[in-house]
């Protein structure tokens with residue numbers, strides 16, 4: 001049986017017997033870890049092993065949102081704290097070469113952390129281009145204020161993650177930067193024209209479309225493309241904008257479908273996302289009843305969806321040999337070039 005077209009969370013730091021049975025029977029493509037799942041390195045390693053044993057797939061992807069700043073699911077005292085993306089943008093404004101190196105090294109160090117724990121996918125980079133008055137949901141998670149800066153630094157993060165043995169995920173396509181409300185709580189609407197989106201928001205994704213095998217949607221309505229549905233549920237956005245205008249041919253996952261921006265039951269949300277053209281439905285809250293709904297609503301991966309997800313798994317390589325202490329010293333030196 002091929003994996004099913006979804007990624008789920010789990011409730012705690014160890015799998016319950018019910019969760020083990022669910023994973024074995026439902027066969028999600030992967031599992032995402034949240035802060036509630038991470039207490040110490042040895043525990044995370046055991047959890048990752050348990051997930052793969054239950055799925056009976058050694059290469060089953062385990063994902064996490066490990067960006068740095070306020071989006072770091074596992075940090076001190078067990079892993080170092082990493083700065084928010086905006087810090088790299090500040091360095092880049094002073095010296096483009098230093099900014100790119102800092103972004104690369106930060107992502108590589110994060111990847112080395114994750115690889116050592118058994119985590120193989122990081123939902124990074126954030127390629128959203130901030131607009132004036134934007135929601136704080138992005139805020140300092142943005143790499144810069146220009147398409148050039150965001151694409152250049154985002155590309156460095158992609159390279160750093162790959163060099164550290166972890167698969168990157170571009171997010172949030174086709175751009176969350178104009179949203180004026182937080183999609184965790186409500187559904188944003190963007191009234192920019194397609195020409196405006198082309199000139200700004202799409203640009204970082206388009207420039208990096210061939211370099212990341214996984215991408216994530218935005219729960220945002222783009223009124224000039226589809227005034228009836230957010231990007232996650234919109235075939236016009238996914239087909240005409242993400243696939244054609246951006247040129248992304250990787251595996252497309254939803255942002256977390258349990259977020260407040262979306263309406264309908266878990267199964268309805270899952271069906272709408274798959275029908276619109278997403279390969280993978282992401283569900284993070286660990287509620288097993290909802291997970292069961294989703295498992296019953298999504299298909300097994302096949303055709304282009306299977307091709308894209310398999311290509312993503314094949315893109316992962318062993319980390320480059322490194323002297324971690326030297327990387328840390330250089331990274332800290334670069335960070336010290338601007339105030340925290």
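A short reminder: the numbers here are calculations on the coordinates, not readings from a lab. Since we're looking at a predicted model, the values are computed, not measured. Positions of Cβ are generated from backbone atoms using ideal geometry, with glycine treated the same way; all protein chains shown enter the neighbour counts.
Couple of notes before you dig in:
- For the range 12-140, the equivalent ellipsoid derived from the Cα gyration tensor has semi-axes of 32, 16, 13 Å, listed largest first.
- Based on the Kirkwood approach, the hydrodynamic radius assigned to the range 94-147 is 13.0 Å, with every pair of different Cα atoms included.
- For the range 238-315, convex hull volume per residue from C-alpha positions, Å³: 103 Å³
- Based on the convex hull around the alpha carbon atoms, the range 277-330 presents an average projected area of 6.7 nm².
- Given [x] 6, 28, 36, 24, 6, 0; [y] 5, 18, 19, 16, 13, 12, 10, 5, 1; [z] 5, 23, 28, 20, 14, 7, 2, 0, 0, the label whose value is P(r) over Cα pairs in 10 Å bins from 0, in percent derived from this model: [x]
- Among 188-197, 78-87, sorting by the average number of other beta carbon atoms lying within 10 angstrom of each residue, highest first, gives 78-87, 188-197.
- Share, in percent, of DSSP beta bridges within the chain that are antiparallel, nearest 5: 10 percent
- The calculated 222 nm mean residue ellipticity attributable to helices in the chain amounts to -12000 deg cm²/dmol, summing -39500 (n - 2.57) over DSSP H runs of n ≥ 4 and dividing by all residues.
- Stretch gain in nm, segment residue 300-residue 97, where the contour uses 0.36 nm per residue and the Cα spacing is subtracted: 68.6 nm
- Sorting the segments 161-170, 199-208, 315-324, 51-60 by their mean number of nearby beta carbons within 10 angstrom, highest to lowest, gives 161-170, 199-208, 51-60, 315-324.
- Hull volume per residue, based on the alpha-carbon atoms of the range 82-211 and their convex hull, is 103 Å³.
- For the range 147-215, alpha-carbon Rg relative to the globular expectation (2.2 N^0.38 Å, N residues): 1.22
- For the range 191-296, taking Cα atoms only, Rg and Dmax work out to 13.9, 43 Å respectively.
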